[in-house]
Amino acid sequence: MEIIIIGAVILDIMLGDPRFIPHPVILIGKVTGWGESIILSRFSSAKALKWAGVILTVLIVMGSYGLVSLILWAAYKISFLLGGLASVFLMSQSLALNSLYKHAQAVLRPLSGGDRRDARQALGMMVGRDTDNLDEEAIIRGTVESIAENTVDGLTAPLLYGFLGGPALAWAYKAVNTLDSMIGYQDERYVNLGWAAARLDDLANYLPARITAGLYLSVAPFTAGGWVGVYNALRRDARRHQSPNSGFPEAAVAGALGVQLGGLNYYQGVPSYGALMGEKKRCLRFDDIRVSLILTMAVYGETVLLGLAAMQLLKGF
């Protein structure tokens with residue numbers, strides 16, 4: 001498994017998501033959308049929608065695990081080499097460092113050149129909030145927050161699940177994450193249908209978010225906020241976030257940078273005020289996007305080392 005994980009990390013960095021191959025998340029999204037449309041056309045009561053959401057969530061998560069397991073079983077039956085290559089590729093597709101870096105750079109490049117319009121459009125590819133009228137600091141804040149949150153969702157969590165159960169478990173996690181992003185919203189349409197997906201996502205990210213926060217603490221002495229800044233932000237603010245998990249990476253990054261994240265956002269014109277993370281010792285600036293990416297890469301590298309060390313330790317027993 002160690003070779004598969006290392007190979008997957010390297011492949012993600014080098015290749016990312018190749019455009020000539022449909023990404024598995026797209027398939028999960030299409031099946032989720034298909035199931036959602038059937039459920040909403042047939043059920044209307046809160047109880048029925050909640051149970052239908054439970055069944056949809058279980059089917060898609062277990063289906064993702066089963067499909068990846070079947071593909072790998074078939075590949076290994078053909079040859080050990082093909083099975084290994086398929087494992088590396090599928091594991092790499094569950095990781096998103098290459099994609100996260102490119103999306104962040106797509107915001108940073110026009111923004112640093114004074115082109116807020118293109119920066120807003122690029123940010124819209126990273127976040128669900130409205131971006132049309134954001135000023136420069138709000139664009140930077142949205143990018144930094146997205147980098148922090150995706151450190152867990154796109155990097156450390158699938159990597160940790162990959163260490164635990166290989167590519168199949170990593171893709172079961174990605175299915176949970178995709179379901180939550182599609183139907184896990186707490187609005188009138190999804191409050192019942194997406195209940196199971198949202199709760200399962202909270203559970204799946206509980207330990208990865210806190211492990212990630214600990215890794216941010218380990219690199220904190222090399223940041224502007226220092227160990228004290230990151231620790232205080234985590235202790236004071238992480239649990240104030242509306243998500244039980246997202247507050248941990250966001251608070252850690254805010255403390256490391258010495259800035260304040262969170263605040264007012266708009267979603268389809270509806271205002272939503274998020275809990276404030278960190279202390280506003282200064283205003284956000286362009287370089288905070290670069291530093292956030294560096295922190296993410298450091299934490300990602302530590303996660304790889306932590307997983308490898310844990311596997312070697314377990315082999316000793």
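The values are calculated or read from the model by the stated rules, or taken from the named source; none is laboratory data. Nothing here was measured: the structure is a model prediction, and the numbers come from that model. Please note: Cβ atoms are built from the backbone with ideal geometry, for glycine as well, and neighbour counts cover all protein chains shown.
Among the criteria (1) touching a helix residue (DSSP H, G or I) at 6+ places or on another chain (Cβ under 7 Å); (2) over 26 Å from Tyr300 (Cα atoms), the one Trp73 does not fulfil is (1). Scan the stretch 191-208 and give yes if some residue there is over 29 Å from Ile39 (Cα atoms) and either at pLDDT 95 or above or surrounded by 20 or more Cβ atoms within 10 Å (Cβ to Cβ) (or both), otherwise no. Yes. Listed by first and then second residue, the pairs linking a residue in the stretch 22-41 that is under 16 Å from Lys174 (Cα atoms) to a residue that is β-branched (Val, Ile, Thr), with Cβ atoms under 8 Å apart and 6 or more places separating them unless they lie on different chains, are Val25/Thr178; Ile28/Ile60; Ile28/Thr178; Gly29/Thr178; Val31/Ile60; Thr32/Ile60; Thr32/Thr178; Thr32/Ile183.
Scanning the stretch 173-205 for residues that are in contact with a helix residue (DSSP H, G or I) (Cβ under 7 Å, 6 or more places away or on another chain), in a helix (DSSP H, G or I) and within 13 Å of Ser243 (Cβ to Cβ) yields Asn177, Asp180, Ala198, Asp201, Ala204, Asn205.
Here Tyr267 meets each of (1) surrounded by fewer than 22 Cβ atoms within 10 Å (Cβ to Cβ); (2) within 20 Å of the chain's Cα centre (by Cα); (3) free of Cβ contacts under 8 Å to residues at least 60 places away in the same chain; (4) under 27 Å from Gly184 (Cα atoms) with one exception, condition (3). Please work out if Ala298 is farther than 23 Å from Gly124 by Cα, touching a helix residue (DSSP H, G or I) at 6+ places or on another chain (Cβ under 6 Å) and small (Gly, Ala, Ser). When the stated conditions are applied, Ala298 passes them. From the list Ser292, Ser272, the lone residue that is at pLDDT below 95 and of a type outside the set (Val, Ile, Thr) is Ser272. Against the conditions (1) exposed (fewer than 14 other Cβ atoms within 10 Å of the Cβ); (2) under 28 Å from Val9 (Cβ atoms), Asp115 satisfies every one except (2).
Among what's in the stretch 270-284 and is of a type outside the set (D, E, K, R) and surrounded by fewer than 15 Cβ atoms within 10 Å (Cβ to Cβ), pick the residue that is farthest from Ile140 (Cα to Cα). Here the residue is Val270. Restricting the stretch 118-156 to residues that are of a type in the set (A, V, I, L, M) and within 19 Å of Gly269 (Cβ to Cβ), the residue that is surrounded by the most Cβ atoms within 10 Å (Cβ to Cβ) is Leu123.
Any chance the stretch 111-118 includes a residue that's at pLDDT 95 or above, hydroxyl-bearing (Ser, Thr, Tyr) and over 18 Å from the mean Cα position of the chain (by Cα)? No, because not a single residue in the stretch 111-118 is at pLDDT 95 or above, hydroxyl-bearing (Ser, Thr, Tyr) and over 18 Å from the mean Cα position of the chain (by Cα). Within the stretch 28-51, is even one residue in a helix (DSSP H, G or I) and within 18 Å of the chain's Cα centre (by Cα)? Yes, the stretch 28-51 contains at least one residue that is in a helix (DSSP H, G or I) and within 18 Å of the chain's Cα centre (by Cα). Among all positions in the stretch 287-295, there is at least one residue which is under 17 Å from the mean Cα position of the chain (by Cα), within 29 Å of Pro110 (Cβ to Cβ) and surrounded by fewer than 16 Cβ atoms within 10 Å (Cβ to Cβ).
Among the residues making up the stretch 76-98, those that are of a type in the set (Gly, Ala, Ser) and surrounded by 16 or more Cβ atoms within 10 Å (Cβ to Cβ) are Gly83, Gly84, Ala86, Ser87, Ser92, Ser94, Ala96. Note on the stretch 1-37: among residues that are of a type in the set (A, V, I, L, M, F, W, C) and loosely packed, with under 12 Cβ neighbours inside 10 Å, the one that is nearest to Tyr65 (Cα to Cα) is Ile26.
Considering only the stretch 73-147, give the helices (runs of 4 or more DSSP H) lying wholly within it that have at least 3 residues that are aliphatic (A, V, I, L, M) and under 26 Å from Glu250 (Cα atoms).
Details: elements: 80-93, 97-112, 116-124.
In the stretch 73-147, 97-112, 116-124 are the helices (runs of 4 or more DSSP H) which contain 3 or more residues that are aliphatic (A, V, I, L, M) and under 26 Å from Glu250 (Cα atoms).
Figure legend. Inter-residue proximity from the stretch 1-12: first residues among the small types (Gly, Ala, Ser), second residues outside any helix (DSSP H, G or I), beta-carbon distance below 8 Å, spacing 6+ or different chains. Indicated pairs: Ala8/Ser94; Ala8/Leu95. Within the stretch 219-226, is even one residue surrounded by fewer than 20 Cβ atoms within 10 Å (Cβ to Cβ) and not in a helix (DSSP H, G or I)? Checked against the condition, which is being surrounded by fewer than 20 Cβ atoms within 10 Å (Cβ to Cβ) and not in a helix (DSSP H, G or I), the stretch 219-226 yields at least one hit.
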